Amino acid sequence: MKTRRSLMLLLCCNLLLCTYAQEKRAANSIEILPTDNKDEIIRKSTLVVPNDLQYEWQQHEFVAFIHFGPNTFNRVEWGNGKEDPAVFNPSELNADQWVSTIKAAGMKMAMVTAKHHDGFCLWQSTVTKHSVASSPWKNGKGDVFGELTTAAAKQGIKIGVYLSPADMHEIEREHGTYGNKSPVRKVKIPTDPELQKKAKQVFEYELDDYNTLFMNQLYEVLSQYGPIYEVWFDGANPKPGTGQTYNYKAWFEMIRKLQPMAAIAIKGPDVRWCGNEGGETRESEWSVIPIPENPDTYKWPDMMNDDLGSREKLTNAKYLHWYPAETNTSVRGGWFYRDENQSVQTVNQLLDTWYRSVGGNSVFLLNMTPDRRGLIPDTDVSRLKELGRIIAASFKTNLIAGSTITASDSEKDYPAKNMTDGKPESFWKPNDGKESPEIIIKLPRVTEFNRLVLQEEIRTRGQRIEAFAVDITENGKWHEIAKGTVVGYKNIRRFPMVKTNQLRIRILASRVCPTLSEIGIYNAPEMLSNPLIARSKQGLVRISCPVPDPEIHFTTDGSQPNTQSPRYEKPFALPRGGVVKAIATINSSRESSEVISTKYDICSEKWKIVSAGDAQKGFDENLAIDGDPKTMWHTPWEGKISNHPHQLTIDLGETTQLRGFSYLPRNDKNLSGICQTYRFEVSTDGGNWVQAKEGRFDNIRNNPVFQEILFEKTFPARFVRFTSLSSVNDDPYLSVAEISVITR
């Protein structure tokens with residue numbers, strides 16, 4: 001008997017030790033050994049978990065980006081480093097207005113471009129004169145970053161900082177440090193003697209001139225403004241080829257010591273870029289990512305493929321690393337404010353991106369653009385506040401309260417009831433090997449809902465669920481209402497309103513076994529669909545709305561439409577251009593959509609293609625001026641392929657005064673042939689040409705959206721010639737969805 005008790009005690013101890021060993025093996029990164037088979041790799045993937053700062057970062061969910069600087073005043077996306085600091089002079093800068101807008105939108109952190117690619121610093125830097133200290137704003141004594149951090153602290157908003165590694169000012173100025181091939185030498189950070197006196201710690205590194213400058217700037221923003229929760233390193237460089245390298249190892253080490261809870265984003269080990277700047281999301285966003293070498297030495301690239309973490313991808317890994325995604329886009333059509341003709345995303349568009357990102361295992365980083373006053377524009381404020389109101393109303397009440405929840409399998413210490421206790425640290429887990437269990441939820445009453453929220457217990461158990469389906473009972477039978485793939489931190493399913501007292505969640509596939517920490521069902525307010533405005537090549541404007549029997553009202557004089565405005569009944573002519581604004585209403589005008597505004601210039605009815613390069617079959621040059629953004633001209637990718645330059649010459653049919661031109665790149669998520677650098681010429685007779693503009697579409701590779709280019713002066717023209725000098729992928733092609741001119 002004594003021997004049996006001893007044996008039982010030994011077995012219990014061994015079980016505890018095994019459990020303890022398993023927990024100890026859970027880590028932010030795990031090595032894959034040559035002897036690991038596919039099953040062992042999958043098992044190891046469930047042990048990859050976020051570290052403390054990654055887990056806190058994920059819980060921010062919705063973060064504000066703020067792009068502000070000389071580009072705002074020069075109306076460009078990328079500065080050239082030669083801008084005069086005197087252009088920076090906001091008349092009414094109010095960081096409290098920024099933060100109150102951020103808070104009303106439901107965001108938890110604000111991240112400002114403290115230094116963009118032009119090298120201009122929004123704080124009083126000790127290592128460059130290209131900053132607010134050289135501007136007339138507040139007589140050179142201002143500090144944008146300081147004002148933002150103060151305002152954020154008052155309203156309970158966290159702070160992140162964007163610091164561009166690229167620095168055009170240091171490239172362009174005489175004796176600049178960027179790419180100057182200076183030798184590496186021992187330096188102290190901070191270098192400034194006054195900052196050294198105040199420093200709690202002085203760092204010593206071996207650095208070249210530019211890394212010394214950059215690390216001083218990094219030190220200044222991380223040591224003087226309180227807690228920082230994200231440091232964002234952009235990978236873009238407007239002028240590559242200088243030979244400058246970055247000492248990421250030293251940067252990361254100093255960040256960890258100065259701000260240990262700051263997630264290092266985009267070119268660092270903690271957070272990755274989603275791969276585009278348009279708010280596009282993946283169907284399956286895995287946080288467990290295979291990498292080819294030790295994360296301590298890995299040079300983190302942009303990861304842009306659709307599939308980053310499937311089982312197939314994991315089998316080729318050397319390491320598995322927890323590397324969550326951040327999805328970014330801008331409220332306006334561009335990262336910096338230009339003018340009030342700039343497109344502004346609707347609440348519906350912003351809400352859709354919020355659902356796909358926050359509800360798709362990503363953090364949503366939404367950019368706002370202070371104007372030249374230093375204020376978030378009124379239109380943007382209104383839409384952001386409405387966005388926040390809808391999100392808050394949608395998830396105010398979890399209708400699952402009081403339900404009975406059961407599962408087809410549960411491990412003893414992780415019962416099904418843990419999924420509805422409101423405690424994210426508790427969770428349900430079936431036994432290992434049960435990869436496709438089912439959960440049934442019996443509601444206390446018949447309930448209407450249109451949203452389902454699932455959350456895995458990623459903190460200690462990682463990401464496991466690969467596919468699931470959701471059913472409800474109707475007339476005693478199960479009926480599927482939604483499907484999903486990965487869950488991770490959070491998955492939100494949207495579907496039309498349903499009514500039931502019972503639902504079922506079927507885990508279709510998982511790794512080893514699934515976990516769920518939270519389940520929620522909600523009744524979110526539905527928004528009325530917005531009007532769709534389109535104009536044909538002939539200049540006829542059509543307005544529609546995808547709801548039954550809408551009443552649409554519109555204006556063309558710039559005023560806001562209401563029920564007293566003209567009612568849209570048939571297409572109307574607008575050949576010379578203008579601004580069309582429309583609103584849709586239903587239920588005797590008790591429900592209304594947002595006001596949608598679209599700007600048009602002269603239509604292309606009289607235009608003719610004079611000359612163009614060859615075209616791929618089905619993609620001829622006339623599609624570049626057909627008024628349809630879904631079609632495009634594309635040079636051949638089969639047969640005889642010609643290289644740049646590619647030209648398109650257009651007869652406008654009449655002489656008119658041109659202020660600029662526009663280029664709409666293809667919008668099918670393919671970058672082939674998208675123009676990077678261009679030349680635009682004008683002529684009154686088709687024989688004598690004048691160059692109106694030559695340049696590059698800044699950031700178009702990462703953000704392939706509608707491009708408007710204004711000339712320095714107005715030109716009379718009947719003929720125009722667009723020349724593509726290079727493409728974003730350095731391929732030999734050119735693709736054009738639409739080319740147009742700006743006269744208004």
Averaging 1/r across every pair of distinct alpha carbons in segment 404-522 and inverting yields a Kirkwood hydrodynamic radius, in angstrom, of 14.1
Magnitude of the Cβ-charge dipole (Lys and Arg +1, Asp and Glu -1) of the chain about the Cα centre, nearest 20 debye, reported as 1580
With R₀ set to 25 angstrom, the calculated FRET efficiency between the beta-carbons of residue 677 and residue 534, to the nearest 0.05, is 0.25
Per the rule of 0.36 nm per residue minus the C-alpha distance, extending residue 483 to residue 622 adds in nm 45.9 nm
Note to self: Kirkwood Rh of the chain, Cα pairs, one decimal, Å, is 28.7
Gyration tensor on Cα atoms of segment 655-744, a ≥ b ≥ c root eigenvalues, a/c under 1.5 rounded, else prolate if a/b beats b/c, else oblate, says prolate
For the chain, longest principal axis from Cα atoms; helix 209-223 axis from its Cα atoms; angle between them, nearest 10 degrees, is 60
Residues other than residue 495 with Cβ under 13 Å of its Cβ, Lys/Arg counted +1 and Asp/Glu -1, net out at +1
Looking only at lysines whose Cα falls under 24 Å of residue 108's and that sit 8 or more positions away or on another chain, we get 154, 158, 257, 267, 385, 396, 423, 490
The FRET efficiency for residue 448 and residue 174, from their Cβ-Cβ distance with R0 = 60 Å and rounded to 0.05, is 0.30
Per-residue ellipticity at 222 nm attributable to helices in the chain (runs of n ≥ 4 DSSP H, -39500 (n - 2.57) apiece, nearest 500 deg cm²/dmol) works out to -5500 deg cm²/dmol
Filtered hits (lysines, Cα-Cα < 23 Å from residue 640, offset >= 8 within chain) -> 617
Whole-Å distance linking the alpha carbon centroid of segment 63-102 with that of segment 709-744 is 28
Stretched fully, the stretch from residue 560 through residue 605 gains (0.36 nm per residue minus C-alpha distance, one decimal, in nm) 13.3 nm
Rounded to the nearest Å, the spacing of the alpha-carbon centers of segment 472-551 and segment 396-454 is 20
Distance in nm between residue 579 and residue 82 label points, each 7 Å along Cα→Cβ, equals 3.4
Sorted by chain and number, the residues with a modelled amide H under 5 Å from that of residue 457, at a separation of 5 or more or across chains, are 515, 516, 517
The aspartates and glutamates whose Cα lies under 12 Å from the Cα of residue 138, excluding any fewer than 8 residues away in the same chain, are 92
If the chain between residue 651 and residue 55 were fully extended at 0.36 nm per residue, the gain over the current Cα-Cα distance would be 208.7 nm
Ranked output for segments 519-531, 544-556 by mean other Cβ atoms within 10 Å, highest leading, reads 519-531, 544-556
Of the residues 653, 76, 528, the Cα lying farthest along the dipole of the chain towards its positive end, which is defined by charges on the beta carbon of Lys, Arg, Asp and Glu, belongs to 528
Of 343-351, 182-190, 361-369, 506-514, ordering from highest average Cβ density within 10 Å down gives 361-369, 506-514, 343-351, 182-190
For the chain, the longest principal axis of the Cα atoms and the Cα long axis of helix 144-155 enclose an angle in degrees, to the nearest 10, of 40
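A short reminder: the numbers here are calculations on the coordinates, not readings from a lab. Just so you know, these numbers come straight off a predicted model, no measurement behind them. Note that each Cβ is placed from the backbone with ideal geometry, even for glycine, and that neighbours are counted across all protein chains shown.
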